[in-house]
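S.K.: Just dropping this structure here.
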Amino acid sequence: MSLPRLTLTALPFLALTFGAPPALAHAGHEHGLVAGFLHPLMGADHVAAMVAIGLWVASIGWRRGWLPPLGFLAGMAGGIALALTGGVGLGFGFVETAVAGSLIVLGAMLAMAQPFRPARALPLVLVAGLVHGLAHGGEIGGAAAATAFGMLAGSALLHGLGVALGVASARYAGALRFGGAATAALGVVLFLA
């Protein structure tokens, strides 16, 4: 595999991951279905985590891979619900640190290119979804149900985008490892920020 092919394969992942500044995902925003849908698309941390889940699905195949995205979305829904009900008294700084940590873990899983069995990794995926849900849910003010549904739908779209990117780059052996390394690197940057 030549470097230009790998670079061309990696460009969409890099654009998705680093194209949106992390701060935009946690600024004040409109509420409702459309705003909720757009919200996960506006932060590099959320884009990277959800695309990473999709890449993972592409690497293990949909027959076994349906569990990670559903687990992530279930964890995210739980995190949103906890944030909306005030059921978790965690500070915003802790949630942001946990989101960065989730990127490091998800990225490392991809970078190792190990065929993790979805059932074994489900607790990690649920926790990653939970912390992303806490981050999203903490920002919902009005139209909570519609905004939350939009956030879950936008996240599912990013999972699908990750699957498509993973399938398109499957013939390039290093693409999955590269995507994982980039995701983990973003997590380290956000952790240190």
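S.K.: If F72, F178 are ordered by their accessible area, calculated over protein heavy atoms with a 1.4 Å probe, which sequence runs from highest to lowest?
M.R.: Values: F72 0, F178 75 Å².
Order by accessible area, largest first: F178, F72.
S.K.: At 1.4 Å probe size, what's the solvent-accessible area of S169? Round to the nearest 10 Å².
M.R.: The accessible area of S169 comes to roughly 10 Å².
S.K.: At a 1.4 Å probe radius, carbon and sulfur cover how many percent of the accessible area of region 60-182?
M.R.: Numbers: 3980 of 5550 Å².
Carbon and sulfur: 72 percent of the exposed surface of region 60-182.
S.K.: For L192 and F94 in the same chain, what is the full-extension length gain: residue separation times 0.36 nm, less their Cα-Cα distance, in nm? Don't skip to the answer; put the middle values down first.
M.R.: Working: separation 98, 0.36 × 98 = 35.28 nm, distance 1.29 nm.
So the extension gain works out to 34.0 nm.
S.K.: Convex hull over the Cα atoms of region 34-193, averaged projected area in nm²?
M.R.: Numbers: hull surface 34.2 nm².
Taking the Cα atoms of region 34-193, their convex hull projects to 8.5 nm² on average.
S.K.: How large is the accessible surface per residue of region 92-193, computed with a 1.4 Å probe and reported in Å² as a whole number?
M.R.: Working: 4520 Å² over 102 residues.
Ligands and nucleic acids excluded, the result is 44 Å² per residue.
The values are calculated or read from the model by the stated rules, or taken from the named source; none is laboratory data. Everything numeric in this text was worked out from a predicted model, so none of it was measured. Heavy atoms of the whole protein, side chains included, go into the accessibility calculation; ligands, DNA and RNA do not. Shrake-Rupley method; radii C 1.70, N 1.55, O 1.52, S 1.80 Å.
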